[in-house]
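The values are calculated or read from the model by the stated rules, or taken from the named source; none is laboratory data. Keep in mind the model is a prediction, meaning the values are calculated, not measured. Don't worry about glycine lacking a Cβ; one is built from the backbone with ideal geometry, like all the others, and counts go over all protein chains shown. Protein only, heavy atoms only, side chains kept; ligands, DNA and RNA dropped before computing areas. Shrake-Rupley method; radii C 1.70, N 1.55, O 1.52, S 1.80 Å.
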Amino acid sequence: MLRSLTFALFALSLAAPVAAKEKAADPAAVEMTAPVFEMFRLVPGKTEEFIRDMAKWDQVSIAGGQLPTQLFLHAGGEGWDVLLYKPARPKPTTEQEAAMAAKAKQMGLPTGALYYVDVREKMADHVHFEGTGPLTAEQWVAQIDRERADRKRGK
């Protein structure tokens, strides 16, 4: 599974939006979320229901001015069914969170513990992690070199 995840993450990093690749130079810039990856192995017979639910939750995100989640379906490799990618994005404002909560309520979607129970009925296994990036190897090496130079200078 790890090898498939590595290839999937590499493919996603190539498809990531350019805006997410550039850090804001302004320290007062909007705070961003971390990129999130989720890989699911679904309960047999629950794939369509899971994806239909994702479409509903995308409507909630859109109501709050957020982008829909990027969905990748298994086309070969090890045992996963669906990979979700949520690129770095501005953290929702209080108003956006309220709009999303109102949309979820309007649509009758489960939240809190009920959401957890609902989604767990559809998944057999799940991997969730946050990361930094996307960035190139060259950008990472430059960052490491800057940090080492700063440390050497006592910063």
Out of (1) of a type in the set (D, E, K, R); (2) modelled with pLDDT under 95; (3) over 28 Å from residue 95 (Cα atoms), the one residue 49 does not meet is (2)
Of (1) at pLDDT 95 or above; (2) surrounded by 15 or more Cβ atoms within 10 Å (Cβ to Cβ), residue 106 fails just (2)
Within segment 119-143, the count of residues that are within 29 Å of residue 84 (Cα to Cα) and either in a loop (DSSP other than H, G, I, E, B) or free of Cβ contacts under 8 Å to residues at least 60 places away in the same chain (or both) comes to 15
Exercise. Any residue in segment 72-92 that is among the charged types (D, E, K, R), open to solvent by 50 Å² or more (accessible area, probe 1.4 Å), farther than 25 Å from residue 29 by Cα and in a helix (DSSP H, G or I)?
Worked result: no
Given (1) at pLDDT below 95; (2) touching a strand residue (DSSP E or B) at 6+ places or on another chain (Cβ under 8 Å), residue 122 misses just (1)
Scanning segment 116-155 residue by residue, the ones that are open to solvent by 90 Å² or more (accessible area, probe 1.4 Å) and either among the hydroxyl-bearing types (Ser, Thr, Tyr) or in contact with a helix residue (DSSP H, G or I) (Cβ under 8 Å, 6 or more places away or on another chain) (or both) total 2
Residues of segment 102-148 being more than 25 Å from residue 89 (Cα to Cα) and of a type in the set (A, V, I, L, M, F, W, C), in sequence order, are 113, 114, 117, 123, 124
Across (1) of a type in the set (A, V, I, L, M, F, W, C); (2) open to solvent by 60 Å² or more (accessible area, probe 1.4 Å); (3) part of a loop (DSSP other than H, G, I, E, B), residue 113 clears everything bar (3)
Log entry, pairs with first residue in segment 50-67 being over 22 Å from residue 98 (Cβ atoms), second being modelled with pLDDT of 95 or more, beta carbons closer than 6 Å, six or more apart or on different chains, reads 50/42; 50/122
Taking segment 22-37 and the residues there that are in a loop (DSSP other than H, G, I, E, B) and β-branched (Val, Ile, Thr), the one that is modelled with the highest pLDDT would be 33
Being at pLDDT 95 or above, in contact with a helix residue (DSSP H, G or I) (Cβ under 9 Å, 6 or more places away or on another chain) and farther than 17 Å from residue 111 by Cα narrows 59, 70, 66 down to just 70
